[in-house]
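Worksheet: the structure to be examined is printed underneath.
The values are calculated or read from the model by the stated rules, or taken from the named source; none is laboratory data. Nothing here was measured: the structure is a model prediction, and the numbers come from that model. As a convention, Cβ positions derive from the backbone with ideal geometry for all residues, glycine included, and neighbour counts pool all protein chains shown.
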Amino acid sequence: MRRVLLSLGVCLIGACAQAQQVAPQATPTAEPATGSVHGTVESADGTVYEGARVVLSRPGDLTAATQQTDSSGGFNFEQLPPGQFKLTISSSGFQTQLVSGDLHAGENYDAQTIVLPMAAAANSVEVSAGSQEEIAEAQLNLEEKQRVLGILPNYYVSYDPNALSLTSRQKFQLAWRTSIDPVTFLMTGTIAGIEQANHTFKGYGQGTEGYAKRFGANYADSFDGDMIGGAILSSIFRQDPRYFYQGTGSIRSRAMHAVASAVICKGDNGHWQFDYSGILGGIAAGGISNLYYPAGDRSGVEVTFVNALIGTASAAAQNLVQEFVIRHLTPRLPAYASGQAH
């Protein structure tokens, strides 16, 4: 019996050893393929929404990925592991939207078009005159950081549709800030140089004196227009000298808004009205220029009014460029608290 048990034990040990020799090596588990989640954000009227905040979070993951929609309203999160996720899309003045999904390995998940409805009107809050001025000052400080291509000042544009009206002091501040900007002097000098090279306003002559006169005349034109129309008359008529960017709606509605803003403006009461300050300011600046332009280049009353009409048409063209082009050439546009720059 002992021999039988011993033989049986030897056989079992041999079988185990043989099994260990032929057992296949375990292969490492392959990492799951990553995927991506993309989509588009639009406003309720169907316009793509640039600058909306999109946050992607995952259950059990304390970190979250954040993006802002681009100029086409799109977002795209890449290199994501498979599993459940949640998108939170938000923007000031709009209702926050939540989108949940389940991403599979290697999948390119399309969240499709997400619509941000306007937020419901908030309860009215009484704001003191002092706090209103402080808010307007903060908004103005943001506007004074706006530069086209990061260089050219673009202060007279509000990308916040709900920006508070400016006080008289703030209107003068804006005009003065524009007038003393280094780029204003540089552009004035460049124009004066071109005029001298083309012998424009021959009564000024040539040389250093001629250039100085051309520089002074160009700077006076700009200074008078900003101060008279943008500060003095806008304070008297209680009107806002800024262009209010629309940014949403159809191309036709935005174009109509831009052209109309050449002859209408927002009053300090928030209502749209005829732009007395801007138009009369242009006429006044044109009349004053007769004091310093050469006698042969001065314009009569009729020409002054014709030039004012030309100036109004030019303002409409500039507003169209503001509405459709300049916004996309302005890097690092500040984030506004009460409205949105689309």
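Values as computed for the structure displayed
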| item | result |
| --- | --- |
| Candidates Glu126, Glu134, filtered to the one that is more than 27 Å from His257 (Cα to Cα), at pLDDT below 90, part of a loop (DSSP other than H, G, I, E, B) and among the acidic types (Asp, Glu) | Glu126 |
| Hey, Lys171 among the basic types (Lys, Arg), outside any strand (DSSP E or B) and in contact with a Gly (Cβ under 7 Å, 6 or more places away or on another chain) or not | yes |
| Checking Ser222 against (1) closer than 25 Å to Thr330 by Cβ; (2) small (Gly, Ala, Ser); (3) in contact with a Gly (Cβ under 9 Å, 6 or more places away or on another chain), the condition it does not meet | (3) |
| Candidate set from region 176-199 (those that are closer than 28 Å to Gly230 by Cα and part of a loop (DSSP other than H, G, I, E, B)); member that is nearest to the chain's Cα centre (by Cα) | Asp181 |
| Residue under evaluation His38, criteria (1) within 33 Å of the chain's Cα centre (by Cα); (2) modelled with pLDDT under 90, criterion not met | (2) |
| Condition check for Leu233: over 27 Å from the mean Cα position of the chain (by Cα), closer than 22 Å to Thr312 by Cβ and in a helix (DSSP H, G or I) | yes |
| Filtered residue count, region 92-115, keeping only those that are among the acidic types (Asp, Glu), in contact with a Pro (Cβ under 9 Å, 6 or more places away or on another chain) and assigned to a strand (DSSP E or B) | 1 |
| Among the residues listed as Leu333, Leu291, the single one being of a type outside the set (S, T, N, Q), under 30 Å from the mean Cα position of the chain (by Cα) and part of a loop (DSSP other than H, G, I, E, B) | Leu333 |
| Given (1) closer than 30 Å to Val37 by Cβ; (2) modelled with pLDDT of 70 or more, number of the condition Ala120 does not satisfy | (2) |
| Exclusive hit being under 17 Å from the mean Cα position of the chain (by Cα) and either more than 26 Å from Gln173 (Cα to Cα) or surrounded by fewer than 20 Cβ atoms within 10 Å (Cβ to Cβ) (or both), set Phe274, Phe324, Phe305 | Phe324 |
| Unmet criterion (only one of (1) within 19 Å of Thr178 (Cα to Cα); (2) under 25 Å from the mean Cα position of the chain (by Cα)) for Gly282 | (2) |
| Criterion (out of contact with any helix residue (DSSP H, G or I) (no Cβ under 6 Å at 6 or more places or on another chain), buried (at least 17 other Cβ atoms within 10 Å of the Cβ) and more than 28 Å from Gly93 (Cα to Cα)) met by exactly one of Ile228, Ile232, Ile236, Ile283 | Ile232 |
